[in-house]
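The values are calculated or read from the model by the stated rules, or taken from the named source; none is laboratory data. Only a predicted model underlies this, so the values are computations on that prediction, with no experimental measurement involved. Here Cβ is always computed from backbone atoms with ideal geometry, including for glycine, and neighbour counts include all displayed protein chains. Each accessible area value is taken on the protein alone, full model and side chains, heavy atoms only, with ligands, DNA and RNA left out. Shrake-Rupley method; radii C 1.70, N 1.55, O 1.52, S 1.80 Å.
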Amino acid sequence: IEIEKKAEKYGIILEWRTASYFDSPEVAINNQEIAKYFFTFEKNTIDLINKLDNHSQMILEEIGTSITFGEQIIEFDRSEVIQKIITVVGNQKMFVLSGEGGAGKTAVIKTIYKNNKYKQPLYIFKALEFELSNINLLFDNYNSTDFIKAHEFDDKKLVVIDSAEKLIDLRNPEPLKEFISLLKNNGWTIIFTIRSNYVNDFNVLFIDQYDTNPTRINISIPTKQELLDLSRVYQFTLPKEEKVL
């Protein structure tokens, strides 16, 4: 009775079911992972997805996508690069997002993540996280195949490996190779963000290990003219020393 009153107060329609319904194949087999999440304390795929999503948010939390100047918000227009990335996802297995340090590679990923939230699977990992003895450690000891199975019906799904230049020095590349193979064979697109001066070494590694040369999308640092235009619009002074500029 209390539950019915509370449901009525919040405009919730309740559908009562007896225990036999929750023991039926529809629940216990066809929707096993959902049933585990709501009715048991066992590990389940929904908990894993929530953990990975929280992990992605933590990585992006400190990344700035704009600059606050007085009461104004200054933001570089990256819409062209973002559109290129969105177009490629689902059509290509792997590609590299390159640029100088501070050019805004991870900021672009953050913008895509914010705009995409809850529409398509998008997870972010740091390259150093792949210094592992076993790929399942990446998933907090869940099974990696559970992760793949959870998204088997999604058309477009994306994993980003940030600061991918650090993959070149992995002492044990096998977990990374297993992870990439799993993603490629199950319809995922992988983006590697990498500093421009490491791209050639990275390509050599991937040609050698995976017999593939990832497509490259480059983010340029702002030009002098872009900075001059911004300084006029937002009324700030640029340094005269060329290197500082």
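Based on this model, can you work out whether Tyr142 counts as more than 18 Å from Phe125 (Cα to Cα) and in contact with a helix residue (DSSP H, G or I) (Cβ under 8 Å, 6 or more places away or on another chain)?
On the way: more than 18 Å from Phe125 (Cα to Cα): no; in contact with a helix residue (DSSP H, G or I) (Cβ under 8 Å, 6 or more places away or on another chain): yes.
When the stated conditions are applied, Tyr142 does not pass them.
Tyr123 - would you say it is hydroxyl-bearing (Ser, Thr, Tyr), at pLDDT 90 or above and closer than 22 Å to Glu33 by Cβ? In short, yes. The number of residues in the range 9-29 being small (Gly, Ala, Ser), loosely packed, with under 10 Cβ neighbours inside 10 Å and modelled with pLDDT of 90 or more comes to 2. Residues considered: Ile109, Ile85, Ile46, Ile74. Of these, the only one that is touching a residue at least 12 places away in the same chain (Cβ under 8 Å), at negative phi and open to solvent by 40 Å² or more (accessible area, probe 1.4 Å) is Ile46. Within the range 206-245, the set of residues being among the β-branched types (Val, Ile, Thr) and assigned to a loop (DSSP other than H, G, I, E, B) comprises Thr212, Ile221, Thr223, Thr237, Val244.
Selection over the range 217-234 of residues that are touching a strand residue (DSSP E or B) at 6+ places or on another chain (Cβ under 9 Å) and at pLDDT 90 or above gives a count of 6.
Condition first: over 20 Å from Asn200 (Cβ atoms), part of a helix (DSSP H, G or I) and within 17 Å of the chain's Cα centre (by Cα). Now tell me which residues in the range 134-179 satisfy that. I'd like the intermediate steps shown before the answer.
The initial filter retains those residues of the range 134-179 that are over 20 Å from Asn200 (Cβ atoms), namely 134-160, 171-172, 174-175, 177-179.
Among the residues that remain, those that are also part of a helix (DSSP H, G or I) are: 135-139, 144-150, 174-175, 177-179.
Listed by number, the residues that qualify are Leu138, Phe139, Ser144, Phe147, Ile148, Ala150, Phe179.
If you go through the range 145-160 and pick out every residue that is touching a helix residue (DSSP H, G or I) at 6+ places or on another chain (Cβ under 8 Å), farther than 12 Å from Phe179 by Cα and aromatic (Phe, Trp, Tyr), you end up with 0.
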